[in-house]
């Protein structure tokens, strides 16, 4: 299964009243989410803006923006493509690796197993992220409230209609968050983790935290 295009904006929640913001939203789910990020020992995928993760030991996910591959000086992390492979691997999902191999340096494993995938692509655990996620929706957005014990609370707004122009999406986000005490977060959670545990690799990434880019 895959959701090829994903358009979203993240914010760190400062002193906003989330209850007020969420009062007219439809509650969807609440769950713990554990993401295990995979990469080569040198973090080569991360450095090119390619994120490979295992989510809750159920799905192998690949996230990247095809337009940013091989380009260093990019900062806009609004749009990406996401591809998902269920675990354990099934023969019906082999086409996903064939699709990915045309865009990024991923090898289809032989034998076609998860362990074979790790060996074929020289992958190991880069970092693990553990959060509690509450999901809501309204007519415009899928809304996630992500809470980390060490990072704080984040608001993520994802377009329900990913065919809308990016400018329209950003305008709707601005209207939806008007008056809230938020800090726009132009990065991903994996960057937050790497910033703490592997600063040298973190700084080689495409999508750095705004304050680090300014520095």
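The values are calculated or read from the model by the stated rules, or taken from the named source; none is laboratory data. What you are looking at is a predicted structure, and each value in this text was computed from that prediction instead of being measured. Cβ sites come from the backbone with ideal geometry, for glycine too, and all protein chains shown count toward neighbours.
Figures for the structure shown
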quantity: Considering residues of the stretch 88-105 that are surrounded by fewer than 15 Cβ atoms within 10 Å (Cβ to Cβ) and in contact with a helix residue (DSSP H, G or I) (Cβ under 7 Å, 6 or more places away or on another chain) only, the residue farthest from residue 159 (Cα to Cα); calculated: 88
quantity: The stretch 1-28, residues that are part of a loop (DSSP other than H, G, I, E, B), at pLDDT below 95 and over 20 Å from the mean Cα position of the chain (by Cα); calculated: 14, 15, 16, 17, 23, 24
quantity: Unique residue being surrounded by fewer than 18 Cβ atoms within 10 Å (Cβ to Cβ), under 27 Å from residue 31 (Cα atoms) and touching a strand residue (DSSP E or B) at 6+ places or on another chain (Cβ under 8 Å) when the list is 125, 135; calculated: 125
quantity: Answer residue from the stretch 75-86, given it is surrounded by fewer than 16 Cβ atoms within 10 Å (Cβ to Cβ) and farther than 14 Å from residue 51 by Cα and is modelled with the highest pLDDT among those; calculated: 86
quantity: Yes/no for residue 67 being surrounded by fewer than 18 Cβ atoms within 10 Å (Cβ to Cβ) and within 18 Å of residue 103 (Cα to Cα); calculated: yes
quantity: Some residue of the stretch 182-191 being at positive phi and either in contact (Cβ under 8 Å) with a residue 40 or more places away in the chain or surrounded by fewer than 19 Cβ atoms within 10 Å (Cβ to Cβ) (or both); calculated: no
quantity: Wholly enclosed helices (runs of 4 or more DSSP H) of the stretch 106-215 bearing at least 1 residues over 30 Å from residue 92 (Cα atoms); calculated: 166-176, 189-197, 199-202, 210-214
quantity: Filter result (at negative phi and out of contact with any strand residue (DSSP E or B) (no Cβ under 6 Å at 6 or more places or on another chain)) within the stretch 35-63; calculated: 40, 41, 42, 44, 47, 48, 58
quantity: Wholly enclosed strands (runs of 3 or more DSSP E) of the stretch 29-98 bearing at least 1 residues in contact (Cβ under 8 Å) with a residue 60 or more places away in the chain; calculated: 51-55, 79-86
quantity: Answer from 160, 166 - the residue that is free of Cβ contacts under 8 Å to residues at least 24 places away in the same chain and surrounded by fewer than 17 Cβ atoms within 10 Å (Cβ to Cβ); calculated: 160
